[in-house]
Amino acid sequence: MSKNTPTIIVAAGALLREGIVALLQNTPYKVVATAGRPEELTRVRLSERGATLAIVGINLRHGQLDEAAESVRLLRSLLPHGGKIVLIVETDPTIDVPRLLTLSSDGCIVNLGSRDSLLKTFELVFMNERIFAIPRSIATTATESTSKGDGPTRIVNEPNSNGSLSPRERQILNALAEGKSNKVIARQYGLAEATVKVHLKAVLRKIGKQNRTQAAIWAIENGLTERVSEERRTISDAPSLVPISSRQLGTARH
């Protein structure tokens, strides 16, 4: 993904379009066009390069998905090869989740919670993962579906509690959500880098995630970043841990 990814926004409501534009200010996603309907974009000249992002804002309070399906279909025909489509859906618990999963979008965020989770979803989508971020009140289990393209479909549905994480693990996960590398985290907390990797591997196992970016989204969506600052004042360094081999580290590697 480039530093200035061309981005188009489609949403029937002007306020929703303006809100998404505001969320993308000072990010790598440069808004080049907005429209109320996909048809209005037929005159927009899009780059032939594949980094284009299309964001579709839809209100599904009454559970209607036909409009969303048609919008995705038309946008797919307009986007260059490799372009990505992400839905931002406002809905209630009556939404048909299995039907939502059949839409050929690259990602979907149901009832958007934060700007950070939005940006992390875009990051995963451009890593060829198909992400559906669905609140617990709508979908209560985390599953993987059939693959699309080069990456798996994931329903990101966070557990109800992160109480099994130790204070140190919560600190490291918070730093991860801030985009810090293992080396920076180690320096921040006075730990060996190998110790940070061991903690991170334990965190991924406990929260059921497979990589750093997924863990960062989990931390943001569960409000972990808001609580860790208080804990920093009271936690002493954890005992040193025995480093493990790079082969054992797996997805915890930086």
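If the limit is 30 Å between Cα atoms, which of K30/K206; K84/K197; K120/K183; K30/K197; K84/K183; K3/K180 go over it? Write out the running numbers ahead of the final one.
Numbers: K30/K206 36 Å; K84/K197 32 Å; K120/K183 21 Å; K30/K197 34 Å; K84/K183 32 Å; K3/K180 18 Å.
The answer is K30/K206; K84/K197; K30/K197; K84/K183.
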**Q.** Virtual paramagnetic centre 7 Å along Cα→Cβ of N59, amide N under 15 Å, in segment 29-43
**A.** 36-37
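What order, most packed first, do the peptides 20-27, 78-85 have when packing is the mean number of other Cβ atoms within 10 Å of each residue? Walk me through the numbers on the way to the answer.
Values: 20-27: 14.0, 78-85: 17.0.
Put in order of decreasing packing, that is 78-85, 20-27.
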Q.
Under the 0.36 nm per residue contour assumption, what length would be gained going from the current alpha-carbon distance of E39 and L23 to full extension?
A. 3.4 nm
Q: Determine, from the Cβ-Cβ distance of N211 and K3 and an R0 of 30 Å, the FRET efficiency 1/(1 + (r/R0)^6), rounded to the nearest 0.05.
A: 0.85
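Ordered by packing density, taken as the mean number of other Cβ atoms within 10 Å over each peptide's residues, highest first, how do 7-16, 36-45 rank? Write out the running numbers ahead of the final one.
Values: 7-16: 18.5, 36-45: 12.8.
Ranked by mean Cβ neighbours within 10 Å, highest first: 7-16, 36-45.
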Q: At 0.36 nm per residue, minus the direct Cα-Cα distance, what do T102 and Q188 gain on full extension? Give it in nm, one decimal, please.
A: 26.6 nm
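Taken together, the values in this text are just the output of simple stated rules run on the coordinates, not laboratory data. Predicted, not measured: the structure shown is a model, and the values here were computed from it. Neighbour counts are summed over all protein chains in view; Cβ atoms, including those assigned to glycine, are modelled from backbone coordinates with ideal geometry.
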